[in-house]
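Worksheet: one structure, shown below.
The values are calculated or read from the model by the stated rules, or taken from the named source; none is laboratory data. Predicted model only: the values in this text are computed from it and were never measured. When we count neighbours, we look across all protein chains shown, and the Cβ atoms used for this are built from the backbone with ideal geometry, even at glycine.
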């Protein structure tokens, strides 16, 4: 009687990581598509990233998702980058090639745009968009957001210099500029996207309430049961359409699954069952 082969190993790596729903999502995808795999969560503080990566792949790991705070730091451990990861300057998916080389990709942007447009019917062509944050999560969204042809994309960050630098890097792709939170002007935004890590610490980004009140839609890349603190805050100040990052989480995971397994899972049933 032949022995059942060990499942292929995948994981998400970040810090903190206990809140992650990625293991559950990929378990649903595997069951749906008949793929034999195991997906876990790996907690790695910034100083532990290299060691945890080496351990995972030395034990036969086939692929990783990368989340806060490692999306940029992981670049120095990657052998090659996809075009969208190169443009983003950040990686959220690692594929181990047959020859052992590690290929970095970024599925955040496509997951975000798919959730925004297909799942929520939001169009931002000709509209102003405000992106909060200038870290790895924000970088993955910039090119796909600019491809949707907003009239202006403003990056706001605690450090205005980081926002300005990021805007300069993406200036060739569309109308984008950087600013500090206190420098935001009075013109309204169609969409505000929270790509900061403030929610992980139960904090709010230092966005002036006057700017928040003039928006029509707020989208938080974070997710939680019920809602997030940022979206609660937005609703308290009159924003009717508040969207959590649960849909983006599922959609970017589906893109990662496609890269790893060569099959794209269906996402609607997973979104319906995720309970976020």
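Filtering the stretch 125-143 to residues that are surrounded by fewer than 21 Cβ atoms within 10 Å (Cβ to Cβ) and at pLDDT 95 or above leaves 125, 126, 127, 128, 143.
Of all residues in the stretch 117-140, exactly one satisfies the criterion of being in contact with a strand residue (DSSP E or B) (Cβ under 7 Å, 6 or more places away or on another chain) and assigned to a helix (DSSP H, G or I), namely 138. Exactly one residue among 153, 146, 164 is crowded, with 21+ Cβ neighbours inside 10 Å, modelled with pLDDT of 95 or more and over 22 Å from residue 229 (Cα atoms), and that residue is 153.
Do we find a residue being farther than 18 Å from residue 168 by Cβ and assigned to a helix (DSSP H, G or I) anywhere in the stretch 95-104? Within the stretch 95-104, not a single residue is farther than 18 Å from residue 168 by Cβ and assigned to a helix (DSSP H, G or I). Going by what's in this entry, would residue 197 be described as over 26 Å from residue 247 (Cβ atoms) and out of contact with any helix residue (DSSP H, G or I) (no Cβ under 7 Å at 6 or more places or on another chain)? Considered against the rule, which asks whether it is over 26 Å from residue 247 (Cβ atoms) and out of contact with any helix residue (DSSP H, G or I) (no Cβ under 7 Å at 6 or more places or on another chain), residue 197 comes out as no.
Residues in the stretch 1-53 that are part of a strand (DSSP E or B) and within 20 Å of the chain's Cα centre (by Cα): 10, 11, 12, 13, 14, 39, 40, 41, 42, 43.
Of the listed requirements (1) at negative phi; (2) out of contact with any helix residue (DSSP H, G or I) (no Cβ under 7 Å at 6 or more places or on another chain), residue 121 misses just one: (1).
Within the stretch 148-158, restricting attention to residues that are without any contact (Cβ under 8 Å) to a residue 40 or more places away in the chain and in contact with a helix residue (DSSP H, G or I) (Cβ under 9 Å, 6 or more places away or on another chain), the residue that is nearest to residue 123 (Cα to Cα) is 148. Looking only at the stretch 1-15, residues that are within 23 Å of residue 270 (Cβ to Cβ) and either out of contact with any strand residue (DSSP E or B) (no Cβ under 6 Å at 6 or more places or on another chain) or surrounded by 14 or more Cβ atoms within 10 Å (Cβ to Cβ) (or both) come to 7 in all. Confirm whether residue 104 is buried (at least 17 other Cβ atoms within 10 Å of the Cβ), touching a residue at least 12 places away in the same chain (Cβ under 8 Å) and in contact with a helix residue (DSSP H, G or I) (Cβ under 6 Å, 6 or more places away or on another chain). For residue 104, the condition - buried (at least 17 other Cβ atoms within 10 Å of the Cβ), touching a residue at least 12 places away in the same chain (Cβ under 8 Å) and in contact with a helix residue (DSSP H, G or I) (Cβ under 6 Å, 6 or more places away or on another chain) - is met. The residues in the stretch 70-88 that are buried (at least 19 other Cβ atoms within 10 Å of the Cβ) and touching a helix residue (DSSP H, G or I) at 6+ places or on another chain (Cβ under 6 Å) can be counted, and the count is 4. Among the residues of the stretch 249-258, is there at least one that is at pLDDT below 95, in contact with a strand residue (DSSP E or B) (Cβ under 9 Å, 6 or more places away or on another chain) and surrounded by 22 or more Cβ atoms within 10 Å (Cβ to Cβ)? The answer is no; no qualifying residue exists. Residue count for the stretch 114-124 under the criterion of being over 22 Å from residue 184 (Cβ atoms) and surrounded by fewer than 20 Cβ atoms within 10 Å (Cβ to Cβ): the result is 6.
Taken together, the criteria exclude residue 73 from residues that are in contact (Cβ under 8 Å) with a residue 12 or more places away in the chain and more than 26 Å from residue 142 (Cα to Cα). The criterion of at least 1 residues that are within 18 Å of the chain's Cα centre (by Cα) and outside the structural domain of residue 69 (by TED's automatic domain parsing) is met by the following strands (runs of 3 or more DSSP E) wholly inside the stretch 141-240: 152-157, 191-194, 217-220.
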